[in-house]
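Since the structure comes first, as structure tokens, the remarks are kept for the end.
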Amino acid sequence: MKTLFPLKRHAFLVSLALSAPHLSYAADNNIVVTAAPEDTAVSETHGYTAKTSTGASKTDQPLITTPQSVSVITRQQMIDQGAMTVNDALNYTAGAFTNFGGAATRYDTVSLRGFHGGDVDNIFLDGMRLMSDPSSYNVLQVDPWFLERIDVIKGPSSALYGQTVPGGLVMETSKRPQFAEEGHFKTYYGNHSTSGVAMDYTNAINDQWAFRLTGIGHQSHTQYNNTREEHYAISPSLLWQPDSDTSLLLKAYLQKDPSGGYHSAEPGDGSLYSHNGKRLSTRFSDADPSLDQFKRHEQIYSYDFSHNFNDTWSIHSAGSYSHSNVDLDQVYQIGWQPDSDILNRYYSGSRSSLSAVATDNQLIANFRTGELQHKVVIGAEYHEYTNHHKDASGTASSINPFTGETYGENGDYTFYGTKNRYYQTGAYLQDEMQWDRWHLDVSGRYDRIVSKSVSDDLGTHSRRQDDHVSGRAGLLYAFDNGISPYISYSQAITPQALSDANGNILKPTTASQYEAGVKYQPVGTSDLYSLALYDLTQKDVANRVVPETYYASVGKVHSRGIELEAHNQLTSRLSTIATASINHVRYEDAIDGNNGNTPYVTPNATASAWVNYKFDYGITTGVGVRYIGKQWADNENTTRIPSATLVDASVRMDLGAWRSQWKGAYVQLNAKNLGGRDYVASCYGTGYCYWGAERSVIATVGYDF
């Protein structure tokens, strides 16, 4: 399927934005709302703080009584900081290292506590995994314009979610329909010929039904030569809420990416240090314009149903169907020719069609046994995907990156078909207990994880099945003064893709973590200050058996660290965010020569601070500083990546403060990497390093009503 929905670039969304305020779905414009939602983890957020989250427990639980480290990025924070991607939105989050793909925006790349998930394995949407195939280029993505909040749950989470990355997961929450009229329209323009237009409108149809329509169109020539990115997305949603006990949300998310931009790397010899006395430009692209494309068409259809039978029993059911097509052709560098300025290049191509379903169903009971209050969740989850893909690869022409001259010709590549199928079935049980000011959460889950890959063209077939039980427990005491110390233990299971000496897929890794921390929420506020110490070990990590080419599950990755984070509203004018993380990540029991070394894509420390102040006359300013500590460029720990300090800033003027007729209109200017620092964001070995994003300046004109 080549076309998901017709979009005439930005004009389509402009017309929606202009017409949405005039839509009418009721005879009487004076609708009496009787089913307005209470303030919950799926409600609209306000400011930089949130009080509750469903991420850690799958129930609406106050953050101050959650015995686990959870960070929340609100809608207002994304607006003020001008987040164009989920990567941008996580820049001011303790324990999270993002944007390590540099200025590439094709995938959301997030590392938590020293573990990253191959771009896809730790991204969730509305409580369920974004159904991507990590062994292919078919990876789904959601634009942050459609998100109300992002919750970052730190540490192993398999006791509720099944397969997860040891460092945690990123939970994206979509905007929902509201029973009060609300609209947003904006258009923006910036350097690298970046431009876009976006709209968002919600209103009640009557006292039981509400709708929302959100859309965006975006394009940019990016910082890389001969490269552009372009995407369009639209999301209609419908909410039925006949009373305070029942709700049904129906939603679709449709995204079309005619051009996915640049996603490649430069050799460390030329970026980290000079090659023959010269450095590669931060705008260098190793792509061949005649053989370069990344097209992605994705659809996600979902429902979310809740019903309270009485004060004790309730149910919750959610499900989704996803489909995604990806066409890829890419030529990329694979290293220098000896004693020359010529880069060898390689070609990879893929044609992929993925279909996926997911469902999560819960029976919830609230009751007492004596003085002990319980909230018990009994859940069953199933998700699967099938990905039909054809792939090709081979050597390509070489290039002189300093002159742009190419040598030789690209090959005649043959595509071979493969069918990947993955499914996970899980059953879980959780009990949130409270006695006086003590809070004890205990959960456990059983999973059956099956992965299959069949290629008739190549004559290959592989299948692996694993049954696993994961657990989690946390204990917290909530003092009257807002201080809540806690301890917790949690586990994770993560499938692997590498093979052993017999060609069989390695068994999944397992992980366990001990965490202790303290949270502080001043009484009567939503401010939150947190400190967490953790000791996290991943076992059965793949190690290459030197000098052979196969792998064995024998190694460990041991991560220890401390995280501090503060989100507050100090005055009605002043809001701040401050974070700091220090970690110590090492390979243990490794047989590939890396024992005692630190994995790549693991800064030894990160820190950030953002201050937002509202002046008179409708002027609001924000300034932020981000620090990325030193990293190793390779697992052998032979080459260091220097640390980097980056500055971001924003200025907004609400025009209604100057003239009442302009109420709701605003102009805003956002700058990232304001100082224009050239830096290497990360490396996957010394042969593949990513330049960090250059200075970005975006001017926005918008109208909120």
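In the set Leu655, Leu646, only one residue is over 25 Å from the mean Cα position of the chain (by Cα) and closer than 29 Å to Gly47 by Cα; that residue is Leu655.
Within region 44-59, residues that are closer than 10 Å to Gln77 by Cβ have Cβ atoms under 8 Å from residues that are part of a loop (DSSP other than H, G, I, E, B) and aromatic (Phe, Trp, Tyr) in no pair, counting only partners at least 6 apart in sequence or on another chain.
Would you please name the residue that is farthest from Asn276 (Cα to Cα), looking only at residues in region 384-423 that are of a type in the set (D, E, K, R) and surrounded by fewer than 18 Cβ atoms within 10 Å (Cβ to Cβ)?
Going residue by residue through region 384-423, those that are of a type in the set (D, E, K, R) are 384, 390-391, 405, 409, 412, 419, 421.
Then drop every residue that is not surrounded by fewer than 18 Cβ atoms within 10 Å (Cβ to Cβ), which leaves 384, 390, 405, 409, 412, 419, 421.
Numbers: Glu384: 50, Lys390: 39, Glu405: 17, Glu409: 26, Asp412: 33, Lys419: 45, Arg421: 47 Å.
Of everything passing the filter in region 384-423, Glu384 is farthest from Asn276 (Cα to Cα).
Among the strands (runs of 3 or more DSSP E) lying completely within region 363-458, list those that include at least 2 residues that are under 30 Å from Gly482 (Cα atoms), within 29 Å of the chain's Cα centre (by Cα) and of a type in the set (Gly, Ala, Ser). Please lay out each step first, then the result.
Numbers: elements: 372-399, 416-435, 438-455.
Here the list reads 438-455.
In region 404-418, the residues that are in contact (Cβ under 8 Å) with a residue 12 or more places away in the chain and of a type in the set (Val, Ile, Thr) reach residues that are part of a strand (DSSP E or B) and exposed (fewer than 14 other Cβ atoms within 10 Å of the Cβ) with C-beta atoms within less than 9 angstrom, at least six apart or across chains, in these pairs: Thr414/Gly394; Thr418/Thr460. Being outside any loop (DSSP other than H, G, I, E, B) and touching a residue at least 60 places away in the same chain (Cβ under 8 Å) is the filter here, so list the residues in region 591-608 that pass it. Residues satisfying the conditions are Thr606, Ser608.
For (1) within 20 Å of Ala356 (Cα to Cα); (2) surrounded by fewer than 22 Cβ atoms within 10 Å (Cβ to Cβ); (3) among the hydrophobic types (A, V, I, L, M, F, W, C), each residue gets a yes or a no:
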{"position": "Ala104", "(1), (2), (3)": "no, no, yes"}
{"position": "Phe115", "(1), (2), (3)": "no, no, yes"}
{"position": "Asn122", "(1), (2), (3)": "yes, no, no"}
{"position": "Arg129", "(1), (2), (3)": "yes, no, no"}
{"position": "Ser136", "(1), (2), (3)": "yes, yes, no"}
{"position": "Val139", "(1), (2), (3)": "yes, no, yes"}
{"position": "Trp145", "(1), (2), (3)": "no, no, yes"}
{"position": "Lys154", "(1), (2), (3)": "no, no, no"}
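Here region 517-540 is the region considered, the condition is being within 14 Å of Lys154 (Cα to Cα), out of contact with any Pro (no Cβ under 8 Å at 6 or more places or on another chain) and among the aliphatic types (A, V, I, L, M), and the residue that is surrounded by the most Cβ atoms within 10 Å (Cβ to Cβ) is Ala532. With respect to Gln668, is the statement that it is surrounded by fewer than 18 Cβ atoms within 10 Å (Cβ to Cβ) and over 22 Å from Gly95 (Cβ atoms) true? It is false that Gln668 is surrounded by fewer than 18 Cβ atoms within 10 Å (Cβ to Cβ) and over 22 Å from Gly95 (Cβ atoms). If you check Ala633, Ala693, Ala657 for being hydrophobic (A, V, I, L, M, F, W, C), touching a residue at least 40 places away in the same chain (Cβ under 8 Å), crowded, with 20+ Cβ neighbours inside 10 Å and more than 24 Å from Met84 (Cβ to Cβ), only one passes: Ala633.
For region 309-322, the set of residues classified as surrounded by 19 or more Cβ atoms within 10 Å (Cβ to Cβ) and within 27 Å of Asn138 (Cβ to Cβ) consists of Ala318, Ser320, Ser322, listed by residue number.
Sort out which residues of region 251-274 are hydrophobic (A, V, I, L, M, F, W, C), modelled with pLDDT of 95 or more and part of a loop (DSSP other than H, G, I, E, B), and write them in order of number.
Just the residues of region 251-274 that are hydrophobic (A, V, I, L, M, F, W, C), to begin with: 252, 254, 265, 272.
Now narrow it down to the ones that are modelled with pLDDT of 95 or more: 252, 254, 272.
Within region 251-274, Leu272 is the sole residue that qualifies.
Applying the set (1) touching a residue at least 24 places away in the same chain (Cβ under 8 Å); (2) surrounded by fewer than 15 Cβ atoms within 10 Å (Cβ to Cβ); (3) in contact with a strand residue (DSSP E or B) (Cβ under 8 Å, 6 or more places away or on another chain); (4) within 30 Å of Thr509 (Cβ to Cβ) to Phe615 leaves exactly one unmet item: (4). Contact annotation: residue pairs with Cβ atoms under 8 Å, 6 or more positions apart or on different chains, pairing a residue in region 242-263 that is on the phi > 0 side of the Ramachandran plot with a partner that is of a type in the set (A, V, I, L, M) and crowded, with 18+ Cβ neighbours inside 10 Å, are Gly261/Ala104. Yes or no: region 210-219 includes at least one residue that is among the aromatic types (Phe, Trp, Tyr), in contact (Cβ under 8 Å) with a residue 24 or more places away in the chain and surrounded by fewer than 23 Cβ atoms within 10 Å (Cβ to Cβ). Within region 210-219, one or more residues are among the aromatic types (Phe, Trp, Tyr), in contact (Cβ under 8 Å) with a residue 24 or more places away in the chain and surrounded by fewer than 23 Cβ atoms within 10 Å (Cβ to Cβ). Here is the figure for region 212-234: residues that are within 10 Å of Thr194 (Cβ to Cβ), assigned to a strand (DSSP E or B) and not charged (D, E, K, R) total 3.
Between Gln513, Gln496, Gln538, which is at pLDDT below 90 and within 24 Å of the chain's Cα centre (by Cα)?
On the way: Gln513 fails: at pLDDT below 90; Gln538 fails: at pLDDT below 90.
Testing whether each residue is at pLDDT below 90 and within 24 Å of the chain's Cα centre (by Cα) leaves just Gln496.
Here is a list of conditions, (1) under 30 Å from Lys51 (Cβ atoms); (2) surrounded by 18 or more Cβ atoms within 10 Å (Cβ to Cβ); (3) modelled with pLDDT under 95, and Glu565 meets all of them except one; can you say which number that is? Evaluating Glu565 over (1) under 30 Å from Lys51 (Cβ atoms); (2) surrounded by 18 or more Cβ atoms within 10 Å (Cβ to Cβ); (3) modelled with pLDDT under 95 leaves (3) as the failure. Among the candidates Ser317, Ser324, Ser247, Ser348, the residue that is closer than 19 Å to Thr395 by Cβ, modelled with pLDDT of 95 or more and assigned to a strand (DSSP E or B) is uniquely Ser348.
The values are calculated or read from the model by the stated rules, or taken from the named source; none is laboratory data. This one's a predicted model, so the numbers in the text were calculated from it and none came from an experiment. Positions of Cβ are backbone-derived with ideal geometry, glycine not excepted, and every protein chain shown enters the neighbour counts.
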